[in-house]
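Data first, discussion second: the structure below is written as structure tokens.
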Amino acid sequence: NAGVTQTPKFQVLKTGQSMTLQCAQDMNHEYMSWYRQDPGMGLRLIHYSVGAGITDQGEVPNGYNVSRSTTEDFPLRLLSAAPSQTSVYFCASSYSFQGSYEQYFGPGTRLTVT
Amino acid sequence: LAKTTQPISMDSYEGQEVNITCSHNNIATNDYITWYQQFPSQGPRFIIQGYKTKVTNEVASLFIPADRKSSTLSLPRVSLSDTAVYYCLVGDGGGTASKLTFGTGTRLQVTL
């Protein structure tokens, strides 16, 4: 199993550009999520999904869209990049059952917005 | 959302036992307590998870008192490679639709 994969590893955008961060998992996990981590800070939840066709907002959803058309893929779209979105983005997945969450994280995408 | 509180940082010498306590006063009945480890430039890695009493695996032990309002991660005989940030996580009580919230974590520095 490849686990959780993310592409690209690094990205530089200009203010106002849009792009999609890709995330895929091959473990047939129901639960997937996106976090951002600013330098020296903890992780903040952007969006999450409990299964194909179902998504919901986390702590910091503004400026981001997600979709979940398949169990395997959970792309994160930046609508109009801003310097405040400079961060490291992590995708994670887990089995989804009552109260227990052992999440597997991808290697991250380092995004710089100039 | 269930919120956690941990010490910001801890220091230890190699070979010592390290205990990191997490406070989670608003934990819900069906929530588990999960601990993650994160090295610089990497995604977090699952360490251990528990619901009550004590859980032990090859890496760590997790102690949870009866009221479940706190938990303690115990790392036996730490080495330099255990230098990392440790996060305590609980769900927000929504079951399969829970939003999982990371706190600021505890930065553990291990020295010789």
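The values are calculated or read from the model by the stated rules, or taken from the named source; none is laboratory data. It should be emphasised that the depicted structure is a prediction, and the values quoted were computed from it without experimental measurement. Backbone-built Cβ (ideal geometry, glycine too); neighbour counts: all protein chains shown.
Some notes on this structure:
- Lone unmet requirement of (1) modelled with pLDDT under 95; (2) farther than 19 Å from B:Gly105 by Cα for A:Tyr104: (2)
- Matching residues, region B:4-23, being under 21 Å from B:Thr34 (Cβ atoms), assigned to a strand (DSSP E or B) and not polar (S, T, N, Q): B:Met10, B:Val18, B:Ile20, B:Cys22
- Taking the criterion of being in contact with a Phe, Trp or Tyr (Cβ under 6 Å, 6 or more places away or on another chain) and surrounded by fewer than 13 Cβ atoms within 10 Å (Cβ to Cβ), the only residue of region B:53-93 that qualifies is B:Lys54.
- Of all residues in region B:38-52 being out of contact with any Phe, Trp or Tyr (no Cβ under 6 Å at 6 or more places or on another chain) and more than 9 Å from every other protein chain (Cβ to nearest Cβ), the one that is farthest from B:Tyr86 (Cα to Cα): B:Lys52
- B:Val110 more than 22 Å from A:Tyr104 (Cβ to Cβ) and assigned to a loop (DSSP other than H, G, I, E, B): no
- Candidates A:Glu72, A:Glu102, filtered to the one that is away from chain B (no Cβ under 14 Å) and over 10 Å from the mean Cα position of the chain (by Cα): A:Glu72
- Residues that are touching a residue at least 12 places away in the same chain (Cβ under 8 Å), under 24 Å from A:Gly40 (Cβ atoms) and not in a strand (DSSP E or B) within region B:41-59 comprise just one, B:Pro44.
- With respect to (1) within 30 Å of A:Ala52 (Cβ to Cβ); (2) in contact (Cβ under 8 Å) with a residue 12 or more places away in the chain, the lone exception for B:Thr21 is condition (1).
- Residue tally, condition within 11 Å of chain B (Cβ to nearest Cβ) and not basic (Lys, Arg), over region A:1-41: 11
- For region A:42-58, a residue qualifies if it is within 11 Å of chain B (Cβ to nearest Cβ), part of a loop (DSSP other than H, G, I, E, B) and more than 13 Å from the chain's Cα centre (by Cα), and exactly one does: A:Gly42.
- Among residues of region A:7-59 being in contact (Cβ under 8 Å) with a residue 24 or more places away in the chain and acidic (Asp, Glu), the one that is surrounded by the most Cβ atoms within 10 Å (Cβ to Cβ) is A:Glu30.
- Scan of region B:24-46 for residues that are under 10 Å from the mean Cα position of the chain (by Cα) and surrounded by fewer than 19 Cβ atoms within 10 Å (Cβ to Cβ), ordered by number: B:Phe46
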